[in-house]
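Read through the structure below, which is laid out as structure tokens, and then see the notes.
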Amino acid sequence: MMNLSRPSHSILLILFFMLAINSTSALTKYNVLNFGAKPNGKTDSTKAFLMAWKAACASADSTIIYVPKGRYLLGSMAFQGGCKSPQIIFRIDGTLVAPQDYRVLGKSTDWLSFEGVNGVSILGGALDAKGPSLWACKASHSNCPSGATTLSFTNSKNIRIRSLLSLNSQMFHIVINGCENVNVQGVRIIAAGNSPNTDGIHVQLSKNVNIIKCSIKTGDDCISIGPGTKNLWVEQVTCGPGHGISIGSLAKDLKEEGVQNITMKKTIFLGTQNGLRIKSWARPSTGFVQGVRFMDSLMVNVQNPIVIDQNYCPHNLNCPNQVSGIKIKDIIYEGIRGTSSTQVAIKFDCSSKNPCTGIRLQNVNLSYLNKPAQSSCSNVRGKALNLVRPESCL
């Protein structure tokens, strides 16, 4: 029997971050205004922010980069690692705003990117990426750039993002890629429900990541979990509008790292397209999903509250029409309750070559229009314990 309490790495990570927060008074401070930043929302402050980073990075002390109240116009910026400073905190009391012309950011992969850093924190503030004009371009089927991720961390360690607002990202809001020991807490993410590819928080190739007490309203997955994610803890997250919380899509590549040891507790889904979803394309892959715990979730008018889809193919365009090689096993759904907006509240559509195994439903109570909902099972093995509504097809 697995221990479902918070793992020790999460407790140590939170203690580390608490100690770091309480020690900010001893930090060497760099105010972006002293480097030429203008809080008027019109003057380009990109160079000033990069100069402040360079100074903090070169310091042997723990440092804080302070952004006072106001609006700061910023282009695409890459904050590179290799710093002498053991800890750099961005304390943001203002709002960072993207250029009005979506093409300026749209040609970049990221707006604000941190690469190879250690001990970086972002505390407070707002990021306004001005995404709606690019979304409108895409809706009109014009020749549009892909768009930029608002905030990304790549190949980094000991990262915390706290009390941040991400508004109207062009593409993904926050990306955690190839990182270790990341704590995201009290973050708010807002974008229109029809905004394209605006995933809230995307995690891949990372381990020991906590996402706690966040509110995510967006046009794609609230949280998306990619290959190579290990030891992810999600708790007290509210999602909606959006596409739910998804593991995948997987099987994009033949050789793919697995997803394992994922815990989601006390999540709320409000009018979302999906609730708790695992999805993979129907093609060969070495990937897997195992050791996932979905616990204590509330569904309110959710189209697909519980779904495993191993024939994922959005809009049925260019579908591979093969068989998914992703192996899915040891998945627990416990304490999932609420309402489905479609009759099939539980759908397990697994691979015929690699059936899902070790699937467990326990204390699940989902209804459809105050009537019994239905379950659908294909190529799945598991068991139902205690009360399970709709009636289990396992």
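Couple of notes before you dig in:
- Computed packing ranks the peptides 380-393, 103-116, 259-272 as 259-272, 103-116, 380-393, most packed first, by mean other Cβ atoms within 10 Å.
- Taking N as its residue count, the alpha carbon Rg of region 234-278 over 2.2 N^0.38 Å: 1.32
- Sum of side-chain charges, ALA55 neighbourhood, beta-carbon under 12 Å (Lys, Arg +1; Asp, Glu -1): +2
- Net charge over other residues, Cβ less than 11 angstrom from the Cβ of GLY124 (K, R count +1; D, E count -1): +2
- Extension gain, LYS69 back to ALA26 (0.36 nm per residue minus Cα-Cα distance, nm): 13.3 nm
- Estimated distance in nm for a label pair at ARG188 and VAL104, the labels positioned 7 Å out from Cα along Cα-to-Cβ: 2.5 nm
- Taken over the alpha carbons of region 87-144 as equal point scatterers, the Debye sum produces base-10 log I(q)/I(0) values at 0.15 Å⁻¹ of -0.58.
- Kirkwood hydrodynamic radius computed over region 143-205 comes to 12.3 Å, based on all pairs of distinct alpha carbons.
- Only the Cβ atoms of Lys and Arg (+1) and of Asp and Glu (-1) were treated as charged; on that basis the dipole of region 176-257 about its Cα centre amounts to roughly 180 debye.
- Taking the 1.4 Å solvent-accessible surface of the chain as the whole, the part contributed by carbon and sulfur is 49%.
- Candidate lysines - alpha carbon under 28 Å from LYS138, same-chain residues fewer than 8 apart omitted: LYS42, LYS107, LYS130, LYS217, LYS252, LYS279
- Cα Rg over Rh - the chain, Kirkwood: 0.99
- Take 273-286, 127-140 and order them by the average number of nearby Cβ atoms within 10 Å per residue, most first; the result is 273-286, 127-140.
- The chain, helix-only ellipticity at 222 nm - DSSP H runs n ≥ 4, -39,500 (n - 2.57), divided by all residues, nearest 500: -3000 deg cm²/dmol
- Net +/- balance of residues flanking CYS137 in space, Cβ distance below 14 Å, scoring K and R +1, D and E -1: +3
- ³J(HN,Hα) computed for each position of region 181-186 - Karplus, 6.51 cos²θ - 1.76 cosθ + 1.60, integer Hz, glycine/proline x: 6, 10, 10, 10, 9, x
- For the chain, CYS179, CYS214 stand unpaired, since no other cysteine beta carbon lies under 4.7 Å from theirs.
- Point-to-point label distance, CYS393-THR357, nm (Cα→Cβ direction, 7 Å offset): 2.2 nm
- Here r is the Cβ-Cβ distance between SER142 and LYS266 and R0 is 41 Å; the resulting FRET efficiency, rounded to 0.05, is 0.45.
- Cα-derived Rg to Rh of region 80-218, Kirkwood definition: 0.97
- Cβ-Cβ FRET estimate between SER133 and ASN318, R0 fixed at 45 Å, reported to 0.05: 0.95
- One quarter of the convex hull surface built on the alpha carbon atoms of region 229-317 amounts to 5.7 nm², the projected area averaged over directions.
- Computed P(r) (all Cα pairs; region 257-374; 10 Å bins; percent): 14, 43, 34, 9, 0
- A 1.4 Å probe run over the protein chains yields, for region 152-192, 29 Å² of accessible area per residue, whole-number rounding.
- Annotation for VAL300 and LYS255: the two label points, set 7 Å from Cα along the Cα-Cβ direction, are 4.7 nm apart.
The values are calculated or read from the model by the stated rules, or taken from the named source; none is laboratory data. Computed from a predicted model, the values in this text were never measured in an experiment. Please note: Cβ atoms are built from the backbone with ideal geometry, for glycine as well, and neighbour counts cover all protein chains shown. Remember, those area values only see protein heavy atoms, side chains included, never the ligands or the DNA or RNA. Shrake-Rupley method; radii C 1.70, N 1.55, O 1.52, S 1.80 Å.
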